[in-house]
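J.: Structure below; questions to follow.
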Amino acid sequence: MLPAVSRMAFGALQRRAFSASARDLSKVAVLGAAGGIGQPLSLLLKLNPRVTELALYDIRGGPGVAADISHVNTKSKVTGYEATPSGLASAVKGADVILIPAGVPRKPGMTRDDLFNTNASIVRDLAKACAESAPEANLLIIANPVNSTVPICAEVYKARGVYNPKRLFGVTTLDVVRASRFVSEVKSTDPKDENITVVGGHSGVTIVPLFSQSKHPELSSNAEIINRVQFGGDEVVKAKDGAGSATLSMAMAGARMAESVLRAAQGEKGIVEPTFVDSPLYKDQGIDFFASKVELGPNGVEKILPVGEVNAAEEKLIEACLADLKKNIAKGVSFVESNPGK
Ligand code: NAD
Ligand code: LMR
């Protein structure tokens with residue numbers, strides 16, 4: 001029998017060990033896991049040692065993708081769920097992070113907004129399942145149009161009284177990944193040394209790179225590279241010629257965002273990612289969501305960083321962005337108002 005003091009010390013140690021391991025156990029769910037993004041994203045998450053449990057759900061093919069990925073020799077457990085309401089509920093239950101790449105991609109000639117009619121209800125219904133079975137999870141939305149699908153999720157959570165704006169993220173990581181890559185091509189540098197802030201939203205003119213804040217302020221008057229960052233997605237849609245949009249680069253970007261959210265959840269400080277969140281920055285103009293640099297923490301959004309100093313040309317880009325963004329956000333909100341679903 002241990003003396004009382006040792007028993008107390010042992011208990012404290014046990015509690016510490018338990019809380020440390022509880023913190024380090026991370027379940028990540030992917031909804032749309034059998035798709036063009038879902039498969040490589042799930043593979044990258046399987047390779048991430050922070051992920052201890054991987055839950056894969058799709059309306060078709062989830063268990064097959066899970067069986068395949070489960071043979072990769074890393075420690076995490078992989079489960080594929082049946083395409084049923086209870087399969088979906090089990091997939092998300094207990095998740096720390098849920099990524100949603102479920103939805104149709106663009107074909108040449110389409111805008112992201114053209115996907116609204118199909119993807120709005122897909123995202124609404126998946127968000128409902130998340131709000132009901134995993135309201136505390138960090139929800140990372142990849143499905144387009146992100147400028148509208150994120151407000152859709154917010155409305156679904158609000159209707160159930162579980163909305164926590166700190167846990168909802170539109171994934172805009174691909175825009176900064178592209179910006180750093182495109183700049184490195186022009187400047188013959190290593191993209192890892194290029195840190196380009198991109199703010200606004202995730203489509204066309206709502207994507208605003210702020211080169212004046214980078215090592216290459218002169219690029220803020222370079223219409224060609226600004227256009228390439230804003231319309232980089234179209235390059236891939238065109239090259240794939242009807243077979244979809246960016247999947248592999250998006251998988252990398254989604255895995256990076258998930259990794260950042262997990263690092264912050266596990267206590268790491270100073271993690272900053274650009275992401276489209278419920279933001280105070282332009283609320284006075286009726287714009288409730290905006291992408292900017294966000295410091296992540298154990299509770300999701302820790303701090304939304306200001307846009308910072310911009311030059312006159314960038315001021316104009318932000319103006320054009322805000323006009324479109326306002327309409328995209330309102331469209332998502334009014335969709336849920338008129339189509340609350342079951
Ligand atoms: P895809 O068609 O290859 O895959 C979509 C998957 O979603 C399919 O496997 C499909 O079965 C599944 N799905 C459809 N409805 C579902 C539902 N109700 N529940 C679960 N799964 C469902 O498409 P993709 O290329 O993977 O693109 C997916 C989405 O991501 C598109 O909307 C695309 O525009 C978007 N996207 C966003 C970004 C970004 O930067 N945020 C980048 C690239 C693509
Ligand atoms: C992208 O930026 O690549 C995605 O949003 C997909 C698209 O439709 O361009």
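The values are calculated or read from the model by the stated rules, or taken from the named source; none is laboratory data. Keep in mind it's a predicted model, so treat the numbers as computed, not measured. Reconstructed Cβ throughout: ideal geometry from the backbone, glycine too, with neighbour counts over all protein chains shown. What goes into the accessible areas is simple: the full protein's heavy atoms, side chains included, and nothing from ligands, DNA or RNA. Shrake-Rupley method; radii C 1.70, N 1.55, O 1.52, S 1.80 Å.
J.: In the chain, if the dipole is taken from +1 on Lys/Arg beta carbons and -1 on Asp/Glu beta carbons about the Cα centre, which of A251, T84, F276 is farthest to the positive end?
T.: Value: T84.
J.: Further, regarding this structure: Over region 25-172, average the accessible area per residue using a 1.4 Å probe and give it in Å², no decimals.
T.: On the way: 5730 Å² over 148 residues.
I get 39 Å² per residue for region 25-172.
J.: Right, here's the next one. Could you give the dipole magnitude of the chain about its Cα centre, charging the beta-carbon of Lys and Arg +1 and that of Asp and Glu -1, in debye to the nearest 20? Working shown, then result.
T.: On the way: 39 positive and 36 negative charges, 226 e Å.
It comes to approximately 1080 debye.
J.: So what is the calculated 222 nm ellipticity per residue for the chain, using -39500 (n - 2.57) for each DSSP H run with n of 4 or more, over all residues, to the nearest 500 deg cm²/dmol?
T.: Taking each H run of at least 4 residues, the total per residue is -14500 deg cm²/dmol.
J.: In percent, how large is the relative contact order of region 25-172, given Cα pairs closer than 8 Å and 6 or more residues apart?
T.: Computed value for region 25-172: 21 percent relative contact order.
J.: Mind checking region 206-260 for trypsin sites (Lys or Arg not before Pro) that DSSP puts in a loop (not H, G, I, E or B) and that have at most 16 other Cβ atoms within 10 Å?
T.: Here the trypsin sites (Lys or Arg not before Pro) that fit, given the DSSP loop and packing criteria, are K215.
J.: Next up: Within the chain, what whole-number % of the accessible surface is contributed by carbon and sulfur, with the 1.4 Å probe and all protein chains included in the calculation? Don't jump to the answer; show the numbers that get you there.
T.: Values: 8610 of 15620 Å².
Ligands and nucleic acids excluded, carbon and sulfur give 55 percent.
J.: Using only the alpha carbons of the chain, what is the convex hull's orientation-averaged projected area in square nanometres?
T.: For the chain, averaging the hull's shadow over all directions gives 20.4 nm².
J.: A further question follows. To test your reading of the geometry: what angle, between 0 and 90 degrees and rounded to tens, separates the Cα axis of helix 173-187 from the longest principal axis of the chain?
T.: 50
J.: Reported to two decimal places, what Rg/Rh ratio describes region 174-331 when computed on Cα atoms with Rh from the Kirkwood expression?
T.: Rg/Rh: 0.96.
J.: Measure off 7 Å from each Cα along the Cα-to-Cβ vector at A323 and N227, then give the distance between these two points in nanometres to one decimal.
T.: 1.8
J.: Using a Gaussian network model of the chain whose springs link C-alpha atoms within less than 10 Å, name the residue from V51, V104, V28 with the highest mean-square fluctuation.
T.: The residue with the greatest mean-square fluctuation here is V104.
J.: Return the subset of K128/K269; K77/K192; K215/K303 for which the Cα-Cα distance in this structure is over 29 Å, preserving the input order.
T.: Working: K128/K269 31 Å; K77/K192 32 Å; K215/K303 24 Å.
Beyond 29 Å between Cα atoms: K128/K269; K77/K192.
J.: Ratio to report: Rg/Rh of region 25-172, with Cα atoms as the point set and Rh obtained by the Kirkwood method; give two decimals.
T.: Dividing the radius of gyration by the Kirkwood radius yields 0.96.
J.: What length, rounded to one decimal in nm, is gained on full extension from S184 through to T111, with 0.36 nm per residue of separation minus their alpha-carbon distance?
T.: Working: separation 73, 0.36 × 73 = 26.28 nm, distance 2.71 nm.
Gain on stretching S184 to T111: 23.6 nm.
J.: With θ set to phi - 60° and the Karplus curve 6.51 cos²θ - 1.76 cosθ + 1.60, what are the ³J(HN,Hα) couplings of region 141-157 in order, to the nearest whole Hz, using x for Gly and Pro?
T.: Working through the residues one at a time gives 9, 9, 4, 8, x, 3, 4, 10, 5, 5, x, 4, 4, 4, 5, 5, 5 Hz.
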